[in-house]
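Here's the structure, in structure tokens; my notes come after.
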Amino acid sequence: MYPYEILPGIDLYLIFLCVAVLSSLVVFRIMADKLKIAAKLQNFCLYTGIGAIVFGYFSAVLFQAFYNIKREGQFIINSSTGATFYGGLIGGAAFFLIIYFTVGQRIFKGKEHLAAFFSVSDAAACSIAVAHAFGRIGCLMAGCCYGKPTNSWLGVYMPDLGCKVVPLQLFEALFLAFLFVYMFQRIKDKQTYCLQIYLCAYGVWRFVIEFVRNDYRGATIIETVTPSQLTAIIMVILGVMLLLVQRNLQFVGAGANDEESESEEYEYDDDADDYEYAEDEAVKAEDTKEEQE
């Protein structure tokens with residue numbers, strides 16, 4: 001919408017992307033503190049996250065270049081290639097997870113990074129939602145990711161298109177903002193499953209709004225399903241699978257803790273009985289001595 005430069009080499013799209021990156025790092029730190037993630041692990045995640053953001057950007061451009069093959073007839077990466085959110089999310093997440101589990105294995109000998117993984121994922125979900133929201137406002141400023149033409153008062157005029165369109169970028173930014181607030185409240189209330197909620201909620205949202213999107217987003221072997229809708233389905237499935245895995249691990253952990261508590265209680269009662277028995281024998285012995293005297 002406003003792709004022109006405010007300063008040399010700087011436009012509103014770039015500004016909102018920078019705000020998205022900075023806000024994601026700040027939010028992660030805040031959420032990690034609330035979740036009581038150790039400082040060493042927090043720093044490790046932040047450094048890894050910065051690397052994931054850089055790698056994710058190149059991944060986003062790469063995915064967009066593949067999307068453009070059918071439209072342009074060849075694979076091209078240049079200043080006008082563009083970028084896709086899903087490409088950035090997939091590439092960035094893959095980078096983060098690989099570093100987290102491989103390098104983390106060497107740094108954290110006590111495997112605390114494994115024990116805190118779902119806490120880290122909760123904080124990460126909040127930071128991704130915030131970054132995504134600001135990123136969508138950037139898309140509105142750039143005039144990309146728009147909806148179908150409309151004459152409604154809700155429509156936004158796009159100079160490059162010469163007509164009003166549904167401002168899906170703005171609606172998506174609002175949706176992600178509300179999703180962040182909900183996940184923030186869950187963490188505040190000491191509840192989990194934020195990553196699973198983000199994956200499922202955004203997957204459903206993205207699948208639906210793709211029917212209103214009007215910019216070219218590539219094609220799949222199924223004509224009625226876009227690449228973004230196919231990825232949205234995978235996100236929902238992944239979210240459900242992670243939910244089941246986390247619940248199962250929590251169930252197993254709760255069972256182990258119960259057994260340990262029962263064992264400790266038995267040992268304590270045993271010791272207490274022995275102590276009481278020994279004390280009783282000592283009292284009896286002393287009474288017997290007094291009687292003999």
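Scanning segment 176-187 for residues that are open to solvent by 40 Å² or more (accessible area, probe 1.4 Å) and either hydroxyl-bearing (Ser, Thr, Tyr) or touching a residue at least 40 places away in the same chain (Cβ under 8 Å) (or both) yields a count of 4.
Pairs are defined by a Cβ separation below 8 Å, a sequence spacing of at least 6 or placement on different chains, a first member in segment 188-211 that is over 19 Å from Leu230 (Cα atoms) and of a type in the set (Phe, Trp, Tyr), and a second member that is open to solvent by 30 Å² or more (accessible area, probe 1.4 Å) and in a helix (DSSP H, G or I); the pairs so defined are Tyr193/Arg186; Tyr193/Leu243. Among the conditions (1) closer than 15 Å to Tyr100 by Cα; (2) charged (D, E, K, R); (3) touching a Leu at 6+ places or on another chain (Cβ under 8 Å), the only one that Arg29 does not satisfy is (1).
Restricting to segment 227-237, and then to whatever is β-branched (Val, Ile, Thr) and closer than 11 Å to Arg206 by Cα, can you tell me which residue is least open to solvent (accessible area, probe 1.4 Å)?
If we take residues in segment 227-237 being β-branched (Val, Ile, Thr) and closer than 11 Å to Arg206 by Cα, then Thr231 is least open to solvent (accessible area, probe 1.4 Å).
Among the conditions (1) among the charged types (D, E, K, R); (2) surrounded by 22 or more Cβ atoms within 10 Å (Cβ to Cβ); (3) in a strand (DSSP E or B), the only one that Lys164 does not satisfy is (2).
Scan segment 218-273 for residues that are part of a helix (DSSP H, G or I) and at pLDDT 65 or above and the total you get is 26. Only one entry in Ala173, Ala124 is under 27 Å from Met31 (Cβ atoms), of a type in the set (Gly, Ala, Ser) and in contact with a helix residue (DSSP H, G or I) (Cβ under 6 Å, 6 or more places away or on another chain), namely Ala173.
Only one entry of Cys126, Cys145, Cys139 meets the criterion of being open to solvent by less than 20 Å² (accessible area, probe 1.4 Å), in a loop (DSSP other than H, G, I, E, B) and among the hydrophobic types (A, V, I, L, M, F, W, C), and that entry is Cys145.
The values are calculated or read from the model by the stated rules, or taken from the named source; none is laboratory data. What you see is a predicted model; the values in this text were computed from it and never measured. Cβ: placed from backbone, ideal geometry, glycine included. Neighbour counts: every protein chain shown. Just the protein is used for accessible areas: all its heavy atoms, side chains included, with ligands, DNA and RNA removed. Shrake-Rupley method; radii C 1.70, N 1.55, O 1.52, S 1.80 Å.
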